[in-house]
1. Just name the residue that is surrounded by the fewest Cβ atoms within 10 Å (Cβ to Cβ) out of those in the stretch 50-70 that are of a type in the set (A, V, I, L, M, F, W, C) and farther than 14 Å from Tyr117 by Cβ.
2. Evaluate the stretch 28-37: report whether one residue or more is farther than 24 Å from Lys144 by Cβ, at pLDDT 75 or above and part of a loop (DSSP other than H, G, I, E, B).
3. Note down all Cβ pairs under 6 Å where the first residue falls in the stretch 79-98 and is farther than 17 Å from Ser53 by Cβ, the second is assigned to a helix (DSSP H, G or I), and they're at least six residues apart or on different chains.
4. State the number of residues belonging to the stretch 106-123 that are surrounded by 12 or more Cβ atoms within 10 Å (Cβ to Cβ) and at positive phi.
5. Check the stretch 126-135 and report whether any residue there is crowded, with 16+ Cβ neighbours inside 10 Å, small (Gly, Ala, Ser) and over 24 Å from Asp45 (Cβ atoms).
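The values are calculated or read from the model by the stated rules, or taken from the named source; none is laboratory data. Fair warning: this is a prediction, and the values are worked out from it, not measured in the lab. Cβ atoms come from the backbone with ideal geometry, glycine included; neighbour counts cover every protein chain shown.
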Amino acid sequence: MLATIASPLKTSFPRLVIPLTVNRLNLSQNFKRFESTSRIFEATDNTFKKLISGPKDKNVLVDFYANWCGPCKMLAPIMKEVVDENENNVLVKVNIDECRNTALEQDITTIPTVQLYKNGVKCGEFVGARRKGLVEMFIKEFSK
């Protein structure tokens, strides 16, 4: 499924098209998807804890975002690219407007916020949009 994010401002920039794998119906299907080629998941308040602890020995990147957030829109394709290029990375996207309880539990006060989990344990976090190289350095540093 493709989600098109349109900028509310009239600019000369093209629209960003961000492919998202959205599977909110059955949690057991989410675990099957970890073993498939798609490593991008949309979390809910009910599935968040299972998704961050599901894949063993993988870097689970959690992207807290909102559809109205400009820096989130800039970071989204970078996160997708980082996950697509490395089989050890899994991306869990959390829309803070839909998953308010998860955002409160994780003390998310600014977006975008990206957290890194390894075997269900939070290893690191950064706030704000970053270039691809800085995201890769973050993963390398905190996934040891």
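1. Keep residues of the stretch 50-70 that are of a type in the set (A, V, I, L, M, F, W, C), which gives 51-52, 60-62, 64, 66, 68-69.
Next, from what is left, pick out any that are farther than 14 Å from Tyr117 by Cβ: 66, 68-69.
Working: Ala66: 16, Trp68: 11, Cys69: 19.
It comes out as Trp68.
2. From the stretch 28-37, those farther than 24 Å from Lys144 by Cβ are 28-33, 35-37; that's our starting set.
Retained after the next criterion (residues that are at pLDDT 75 or above): none.
No; the residues of the stretch 28-37 include none that is farther than 24 Å from Lys144 by Cβ, at pLDDT 75 or above and part of a loop (DSSP other than H, G, I, E, B).
3. Qualifying pairs under 6 Å: Val82/Val135; Ile96/Ala103.
4. Step one: of the stretch 106-123, the residues surrounded by 12 or more Cβ atoms within 10 Å (Cβ to Cβ) are 106, 108, 111-120, 122-123.
This time we only want the ones that are at positive phi, so: 119-120.
So the answer is 2.
5. Yes, there is a match, as at least one residue in the stretch 126-135 is crowded, with 16+ Cβ neighbours inside 10 Å, small (Gly, Ala, Ser) and over 24 Å from Asp45 (Cβ atoms).
Residue by residue, here is whether (1) surrounded by fewer than 15 Cβ atoms within 10 Å (Cβ to Cβ); (2) touching a Pro at 6+ places or on another chain (Cβ under 6 Å); (3) under 12 Å from Leu116 (Cβ atoms); (4) of a type in the set (Gly, Ala, Ser) holds:
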{"position": "Phe48", "(1), (2), (3), (4)": "no, no, no, no"}
{"position": "Cys72", "(1), (2), (3), (4)": "no, yes, no, no"}
{"position": "Ile78", "(1), (2), (3), (4)": "no, no, no, no"}
{"position": "Val82", "(1), (2), (3), (4)": "no, no, yes, no"}
{"position": "Leu104", "(1), (2), (3), (4)": "yes, no, no, no"}
